[in-house]
Amino acid sequence: MKDDRRSPFRDAGTDRATAREVPDTPQTRAPAYRLAFADDEFLCRDELRPVRLQLELLKPQMMLDEYGVESTVVLFGGARIPSPDDRDSARTETLAGLAEYYEEARKFARLVTEASLNTGGHKNIICTGGGPGVMEAGNRGAAEAGGISIGLNIVLPHEQAPNEYVTPDLCFNFHYFAIRKMHFLMRANAVCVFPGGFGTLDEMFESLTLIQTGRMRRVPFLLFGRAFWEKIINWDALAEAGTISPDDLDLFRFVETADEALAIINDWGETSPRGDIPGR
């Protein structure tokens, strides 16, 4: 990005380049002599955690702004869900059966992206976690429509490359789960949750909590696969126990297909944040 600021001072990039060319002496080789912002070991110190948190929030924010991304449609879902072509290699029969949701995520992302392109291509950009499974399906559908998509990857103990369908300029990598979650939701116009495991459940409940407590707009919130979600979560039991309000069950809708999801999103209605929490 071109820096249009009018400043009488030398910029940091110029000084960083100049510092590489200084004479090799015991003094210039010492860690103390390194420019602070060019010193990886210094930046990784525990005391610099607040700075790293700020950098992880700021870098994607600036790059998304520069790319013109105004809003997103977020897809959460399991990394282990196979494509229909790979269902025979699934670890369980249930996983093999969930392959249909790979196709629905792919189709949904394609339809959302086509609609976005018809209005300039800056709104409702597909955003996933950038990995395999449902995430791959979402980025793949966007690519097949000829549009861009975002991948918010995170460093894991096992090596994992981003899926091949994420737009390279919008493929980010995170150290902090908390900052990654913020970027999932900061521009979200809708949240779509497909079957998944711990990570998907974490993302789903954290997002619902923000909406429930009025900290986030009541954007369209769709759970793909009623049978899956009702089998693993007894939603009515939560309301009957009084740990949530019956009104909280209206914060989301169950859907089965991409077409059904689009119809509900287009007819969702009011998205203002809650002013109070029912049942409190």
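What follows draws every value from the coordinates through simple rules; no lab data is involved. For clarity, every value in this text was computed on a predicted model and none was experimentally measured. Because the Cβ atoms are built from the backbone with ideal geometry, glycine has one as well, and the counts that use them run over all protein chains shown.
If R0 is 30 Å, what FRET efficiency do you get for residue 114 and residue 42 from their C-beta distance, rounded to 0.05?
After rounding to 0.05, the efficiency reads 0.05.
Can you list the aspartates and glutamates whose alpha carbon sits under 16 Å from that of residue 107, skipping same-chain ones fewer than 8 residues off?
Partners found: 85, 136, 144, 256, 259, 260.
Round to the nearest 10 and give me the degree value, 0 to 90, for the angle of helix 198-212's Cα axis relative to the longest principal axis of the chain.
Tilt of helix 198-212: around 80 degrees.
Could you check the simple spin-label distance between residue 53 and residue 173, using points 7 Å along Cα→Cβ, in nm with one decimal?
Roughly 2.3 nm, to one decimal.
Which residue, chosen from 13, 113, 212, occupies the Cα position most advanced towards the positive end of the dipole of the chain, where the dipole is computed from +1 (Lys, Arg) and -1 (Asp, Glu) charges on Cβ about the Cα centre?
Highest projection toward the positive end goes to 13.
How would you classify the stretch 39-91 from its alpha-carbon gyration tensor, with a ≥ b ≥ c the square roots of the eigenvalues: rounded for a/c under 1.5, else prolate if a/b is greater than b/c, otherwise oblate?
oblate
Let's see if you can work this out: charge +1 on each Lys and Arg Cβ, -1 on each Asp and Glu Cβ, no other charges. What is the dipole magnitude of the stretch 88-205 about its Cα centre, in debye to the nearest 20?
Rounded to the nearest 20 debye, it is 420 debye.
As a test of the formula, what do you get for the chain when each DSSP H run with n ≥ 4 contributes -39,500 (n - 2.57) and the sum is divided by the residue count, at 222 nm and rounded to the nearest 500 deg cm²/dmol?
My calculation for the chain gives -12500 deg cm²/dmol from helical runs alone.
Quick query: amide H of residue 255 versus all other amide H atoms, modeled in the peptide plane; which residues come in under 5 Å with a sequence gap of 5 or more or a different chain?
223, 224, 225, 226
Under 10 Å, Cα contacts only: if you run a Gaussian network model on the chain, which one of 116, 245, 149 comes out with the highest mean-square fluctuation?
Judging by the Gaussian network model, the answer is 245.
So how tilted is helix 134-144 from the main axis of the chain? Cα-based, degrees 0 to 90, rounded to 10.
80 degrees
Starting at the first residue of the stretch 46-59, write each ³J(HN,Hα) from the Karplus equation 6.51 cos²θ - 1.76 cosθ + 1.60 with θ = phi - 60°, in whole Hz, x for Gly and Pro.
Running phi through 6.51 cos²θ - 1.76 cosθ + 1.60 with θ = phi - 60° gives 4, 5, 8, 3, x, 5, 5, 4, 5, 5, 5, 6, 6, 4 Hz.
Please enumerate, by chain and number, the aspartates and glutamates with C-alpha under 15 Å from the C-alpha of residue 181, excluding those fewer than 8 residues away in the same chain.
Output for residue 181: 56, 202, 203, 206.
I need the peptides 66-73, 23-30 ranked by packing, meaning the mean over residues of other C-beta atoms within 10 angstrom, with the highest value on top.
My ranking of the peptides, most packed first, is 66-73, 23-30.
Hey, what angle do you get for helix 99-118 against the long axis of the chain, alpha-carbon based, 0 to 90 degrees rounded to 10?
Relative to the chain, helix 99-118 is tipped by roughly 70 degrees.
By count of other Cβ within 10 Å, fewest leading, how are 76, 177, 252, 42 ordered?
177, 42, 252, 76
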